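The values are calculated or read from the model by the stated rules, or taken from the named source; none is laboratory data. Fair warning: this is a prediction, and the values are worked out from it, not measured in the lab. As a convention, Cβ positions derive from the backbone with ideal geometry for all residues, glycine included, and neighbour counts pool all protein chains shown.
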Amino acid sequence: MLLRLIGSLAVILGCAGLGMYYAAKEGFRIRELQELKKALLILASEIEYMRAPLNLACQNIAKRTEGVISTLFSNFAQLLSNNEGETAYQLWTNAVSSIKAKTFMTAEDFSIIDGFGKTLGYLDKQMQQNAIDFAISYIDEKVATLQTQGNKTKRMYRSLGIIAGLLITVVLW
């Protein structure tokens, strides 16, 4: 009987923990998108005022950001420094693919990141600013949407985790 109670408690706690994880996932995604916005704003200022080469600008961004976004720009700067005839877009794609498994961003987020990467190294300063502004506006809209839906979603995932644990326990009892 004691073993059944311990097993039931473990199932309930495990399912509740899983619900908490899924509830926190959106918060992690929001933080990563905000960090990407910060990186893009730094890149815009590097282009506008510093006029630094792209690899140096990306190194500066990597130093001033955190997490996977810092890794993204660090990898991109390193690839640019060791470039052997590849385009900036190919290098950007390689850098993005190196962080995909480590991030909470979705395919929709990566499509915007990929679209931004297509503009690297090909456009003049004003067009580059426009591409950065477009990416930032997407991030702002997505973060606002995620924050408004976030409270409902978090509550739902937490509740579903606990209810699923209770249901499994009742079925297996």
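So the values come out like this:
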{"quantity": "Some residue of the stretch 79-93 being under 26 Å from Leu146 (Cβ atoms) and either part of a loop (DSSP other than H, G, I, E, B) or touching a helix residue (DSSP H, G or I) at 6+ places or on another chain (Cβ under 8 Å) (or both)", "calculated": "yes"}
{"quantity": "The stretch 101-131 - residue that is in a helix (DSSP H, G or I) and over 17 Å from the mean Cα position of the chain (by Cα) and, of those, modelled with the lowest pLDDT", "calculated": "Lys125"}
{"quantity": "Lone unmet requirement of (1) hydrophobic (A, V, I, L, M, F, W, C); (2) buried (at least 17 other Cβ atoms within 10 Å of the Cβ); (3) under 19 Å from the mean Cα position of the chain (by Cα) for Ile12", "calculated": "(3)"}
{"quantity": "Pairs, first closer than 11 Å to Val68 by Cα in the stretch 88-99, second among the β-branched types (Val, Ile, Thr) and in a helix (DSSP H, G or I), C-beta under 7 Å, six or more apart", "calculated": "Val96/Ile113; Ile99/Val68; Ile99/Thr71"}
{"quantity": "Residue in the stretch 42-54 that is among the charged types (D, E, K, R), farther than 28 Å from Tyr157 by Cα and surrounded by fewer than 18 Cβ atoms within 10 Å (Cβ to Cβ) present", "calculated": "yes"}
{"quantity": "Qualifying positions in the stretch 12-69 - closer than 19 Å to Thr106 by Cα and aromatic (Phe, Trp, Tyr)", "calculated": "Tyr21, Tyr22, Phe28"}
{"quantity": "Selected residue (only one of Thr119, Thr153 is farther than 30 Å from Arg4 by Cα, without any contact (Cβ under 8 Å) to a residue 24 or more places away in the chain and surrounded by 11 or more Cβ atoms within 10 Å (Cβ to Cβ))", "calculated": "Thr119"}
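Conditions tested, residue by residue: (1) β-branched (Val, Ile, Thr); (2) under 23 Å from Gln129 (Cβ atoms).
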residue: Leu18; (1), (2): no, no
residue: Tyr21; (1), (2): no, no
residue: Ile47; (1), (2): yes, yes
residue: Phe73; (1), (2): no, yes
